Amino acid sequence: MKQNSIRARRETHKYNKRAKLSKRLHISRKLLIYAILIFWLVVSLFPFIWAITASFKTPANIASLGINPFPGKWTTENFDYIFHSTFTKEFIGVWIKNSIIFSVACSTLNVFFNFLAGYALARIHFKGKKQLLWIFIAGMMIPAQITQIPQLFILIQMGFIGGDVADNIWFIGIIFTSMTSAMWIFLVRQFYINLGNSAEEAGTLDGLSTFGVFIRISLKLMIPLIATQWAMIFMASWNNFIMFTLWSGGEPSRMTITAALQVIGSAANASDPNQGRAITLAATNIATLPVIIVYLCSLFFQRKQIGENDK
């Protein structure tokens with residue numbers, strides 16, 4: 001009995017020792033993971049933080065402080081230049097207006113037509129549907145930058161860009177080329193395939209047409225995806241630098257705020273390179289603000305909608 005008791009105490013001691021060692025290893029592993037994540041977070045956010053704080057630096061501080069994110073002297077002269085200089089004062093409102101019109105129109109039309117096409121490919125049976133789906137998948141493999149030059153020539157031939165009537169309809173042509181996305185059509189189709197159609201069948205039994213089922217039932221089931229898609233397409237449209245740089249033809253009145261960043265920087269850089277950098281950073285922050293607002297609003301809307309669905 002005494003030997004069994006001693007053996008049991010030894011086993012208990014070994015077990016406790018292993019448990020303590022395992023706990024220490026678990027804590028060490030956790031601390032290492034958190035340290036790596038914090039380091040990666042700092043590395044990822046530092047350029048963004050530096051760009052914000054550098055826009056409040058004087059041109060002299062831009063050169064002298066280097067990557068130091070804290071300005072020696074806080075100033076708003078870079079923003080004052082954007083809103084009050086002779087060149088940018090005339091066009092800053094036009095650039096922001098063009099960005100808003102283009103981004104909102106592209107986002108709204110994209111969501112509507114992408115969901116129409118995705119719903120048709122998922123729910124409606126018609127001849128050639130499989131072949132059409134493969135065409136969409138093939139379209140996903142082609143980078144958008146490759147198609148922009150051919151699109152530009154097509155719009156020129158159609159009179160949307162250049163010519164006598166282009167001053168009035170050039171914006172329509174650009175929106176026309178950006179109102180669908182093969183990738184989003186494919187993703188919407190996959191969502192509808194994985195979604196049950198009992199509610200849609202009930203709507204059909206109640207006398208709704210196919211389009212009525214789509215508008216009244218199917219779209220309501222996809223509100224979180226609609227919000228996500230609208231926000232992501234808005235951000236992509238707002239940040240589309242290449243399209244408006246190519247298609248504006250160097251005309252400031254046809255640029256968006258993103259495409260105009262280069263023009264703003266070049267105009268300020270002519271007098272002082274350091275001033276050009278500071279003003280470009282200030283303009284970048286102005287151009288980025290609406291994108292951040294739309295992204296945060298989409299997150300709030302999604303969480304609210306998911307909470308309502310849970311209830």
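Rule-based calculations on the coordinates, nothing more; no lab input. Since this is a predicted model, take the numbers as computed values, not measurements. A quick note on method: Cβ atoms are made from the backbone with ideal geometry, for glycine too, and the neighbour counts reach across all protein chains shown.
Couple of notes before you dig in:
- Cα-Cα over 32 Å, subset of K57/K89; K97/K220; K97/K129; K57/K97; K30/K57: K97/K129; K30/K57
- J(HN,Hα) series, the stretch 203-212, from Karplus relation 6.51 cos²θ - 1.76 cosθ + 1.60, nearest Hz, glycine and proline x: x, 5, 5, 7, x, 6, 6, 4, 5, x
- Neighbour net charge for P71 - beta-carbon separation under 13 angstrom, K R +1, D E -1: +1
- Sorted by Cβ density within 10 Å, fewest first, the residues I49, I223: I49, I223
- Put in line by how crowded their Cβ is, counting other Cβ atoms within 10 Å and starting with the fewest, E77, E90 read E90, E77.
- Neighbour-count order for Y295, Y81, Y119, fewest beta carbons within 10 angstrom listed first: Y295, Y81, Y119
- Solvent-free Debye scattering, log10 I(q)/I(0), computed from the Cα coordinates of the stretch 65-218 at q = 0.10, 0.13, 0.19, 0.21 Å⁻¹: -0.62, -0.85, -1.19, -1.30
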